[in-house]
Amino acid sequence: MTVTAAKGFEAAGVVAGLKSTGKPDVAIVVNRGPAKVGAAVFTSNRAKANPILWSQQAIGDGVVEAVVLNSGGANCFTGTFGFQTTHQTAEKAADLLGVSAGDIIVCSTGLIGSGDEVFRAKVLDGVEKGVAALSVDGGEEAASAIMTTDTVSKTAVRTRDGWTMGGMAKGAGMLAPGLATMLVVITTDAVLDAAQADAALRAATGVSFDRLDSDGCMSTNDQVTLLASGASGVTPDLAAFTAELTDLCNELARKLQGDAEGASHDITIEVRHAASESEAVEVGRSVARNNLFKAAIFGNDPNWGRVLAAIGTTQAAFDPYDTDVWMNGVRVCTEGGPDAPREEVDLTPRATHLVIDLKSGEATATILTNDLTHDYVHENSAYSS
């Protein structure tokens, strides 16, 4: 059920011909109310796609009637024509649903620079087909329609204290902060106002999607949207709601990590005893973006020297001669020198756990990443062809 697990929502995923595979490529999620509350967070990339520019304006009043999403083309750097395409997409959906175009969020994903007249016509046709196909059982089709290089759809559902939330996500490449290149729609039938929805969403994404750093490449199209229908009639404790939302976002983030392009290892980087949370994040990211470290993990080599070298590029408080490193439960480095023999570390499982103890404070943070493989290079060298 995913995004239609919560009461008050309908969804659809249809074939508009944007994908050469003939698979679904336009999705719609509609909030039937009674409340029409929406919140969203967007890529921090200064180079933003047309749907982002539109949606940043549309979310301003905290009201969202529907989200229209397409795969098969990012509609980014397509000029004023592309922004008009996004505008027409919102107007088409609004006309069919009998609502205001300013309350329609638009999302696109695919190849940057694609979005010509043919693209526009197919998207608009997809909107018409999608509205006609809306159903309370349409969540799975919608989740499939937003996939690009994803090999599986990503969904999650939570139910608690009389209310429900459901989410769908796409993302397999260009996974880096600023939301970790993705499109995500989360729905809930809890009673929330726009300020509460916004606060909960920002708190949840800040420690989940924003800490997925698979390949260091930030997209132009990232967007995470939360819709609240209030159809359960239950007003949740905001702290409990935020905790549940954070848990759901973490589940989706790990599913994105597990489907990252070409990856053979899912690497969890846990930074302990940092002087501050921001420094813990900085250290974790420095390792997550270090191609030498990522290549070593691909080769099942517990090369802790590359870990220390990466930390040394940060501004974080640490003493390289008083730092410990564990890989999959084995302490390979202590006080800046070798500890257990490398042969004791088993890096053949896909799950890889790296622990870095900075011994500089009490803060901690966890960053998710992947190894750097031949398959990643091949997939991204062939993506536009």
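The values are calculated or read from the model by the stated rules, or taken from the named source; none is laboratory data. Model, not experiment: these values are computed from the prediction. For neighbour counting, all protein chains shown are included, and Cβ atoms are generated from backbone atoms with ideal geometry for every residue, glycine included. Side chains are part of the model used for accessible areas, which takes the heavy atoms of the whole protein and leaves out ligands, DNA and RNA. Shrake-Rupley method; radii C 1.70, N 1.55, O 1.52, S 1.80 Å.
Of note:
- Candidate set from the stretch 199-254 (those that are part of a loop (DSSP other than H, G, I, E, B), small (Gly, Ala, Ser) and within 29 Å of Asn70 (Cβ to Cβ)); member that is modelled with the lowest pLDDT: Gly216
- Residue check: Ile367 meets all listed conditions (1) touching a residue at least 40 places away in the same chain (Cβ under 8 Å); (2) more than 19 Å from Val283 (Cα to Cα); (3) of a type in the set (A, V, I, L, M) but one, namely (2).
- The residue list Asp215, Asp322, Asp222 contains one member that is open to solvent by 10 Å² or more (accessible area, probe 1.4 Å) and either farther than 30 Å from Glu335 by Cα or touching a helix residue (DSSP H, G or I) at 6+ places or on another chain (Cβ under 8 Å) (or both), which is Asp215.
- Pair list, Cβ < 6 Å and 6+ apart or interchain, from the stretch 182-208 residues that are under 19 Å from Arg160 (Cβ atoms) and open to solvent by less than 10 Å² (accessible area, probe 1.4 Å) to residues that are assigned to a helix (DSSP H, G or I) and β-branched (Val, Ile, Thr): Thr187/Val3; Ala200/Thr242; Ala204/Thr246
- Only one entry in Glu379, Glu343 is among the charged types (D, E, K, R), open to solvent by 20 Å² or more (accessible area, probe 1.4 Å) and either more than 24 Å from the chain's Cα centre (by Cα) or farther than 25 Å from Ala253 by Cα (or both), namely Glu343.
- If you filter the stretch 57-83 down to residues that are within 25 Å of Ser229 (Cα to Cα) and not in a strand (DSSP E or B), you find that the one that is most open to solvent (accessible area, probe 1.4 Å) is Gln57.
- Every residue from the stretch 91-108 that is surrounded by fewer than 24 Cβ atoms within 10 Å (Cβ to Cβ) and either of a type in the set (D, E, K, R) or assigned to a helix (DSSP H, G or I) (or both): Glu91, Lys92, Ala94, Asp95, Leu96, Leu97, Ala101, Gly102, Asp103
- Yes/no for Ala296 being open to solvent by less than 10 Å² (accessible area, probe 1.4 Å), at pLDDT below 95 and touching a helix residue (DSSP H, G or I) at 6+ places or on another chain (Cβ under 9 Å): no
- Residue tally, condition in a strand (DSSP E or B), farther than 27 Å from Thr220 by Cα and not acidic (Asp, Glu), over the stretch 1-47: 1
- Pick from the stretch 116-148, criterion acidic (Asp, Glu) and in contact (Cβ under 8 Å) with a residue 60 or more places away in the chain, ranking: surrounded by the fewest Cβ atoms within 10 Å (Cβ to Cβ): Asp137
- Meets criteria (surrounded by fewer than 21 Cβ atoms within 10 Å (Cβ to Cβ) and β-branched (Val, Ile, Thr)) for Thr151: yes
- Residue match in the stretch 240-255 (condition: open to solvent by less than 20 Å² (accessible area, probe 1.4 Å), over 20 Å from the mean Cα position of the chain (by Cα) and touching a residue at least 12 places away in the same chain (Cβ under 8 Å)): yes
- Search result, residues across the stretch 213-230 that are of a type outside the set (S, T, N, Q) and touching a strand residue (DSSP E or B) at 6+ places or on another chain (Cβ under 8 Å): Asp213, Asp215, Asp222, Val224, Leu226, Leu227, Ala228, Gly230
- Residue count for the stretch 109-145, restricted to those that are at pLDDT 95 or above and either in contact with a Lys or Arg (Cβ under 6 Å, 6 or more places away or on another chain) or part of a loop (DSSP other than H, G, I, E, B) (or both): 7.
- One residue stands out in the stretch 36-56 among those that are touching a strand residue (DSSP E or B) at 6+ places or on another chain (Cβ under 6 Å) and among the aliphatic types (A, V, I, L, M): the one that is surrounded by the fewest Cβ atoms within 10 Å (Cβ to Cβ), namely Val41.
- Restricting the stretch 267-289 to residues that are modelled with pLDDT of 95 or more and touching a Gly at 6+ places or on another chain (Cβ under 7 Å), the residue that is nearest to Asp375 (Cα to Cα): Ile269
- Members of the stretch 155-172 found to be within 20 Å of the chain's Cα centre (by Cα) and of a type in the set (Ser, Thr, Tyr), listed by number: Thr155
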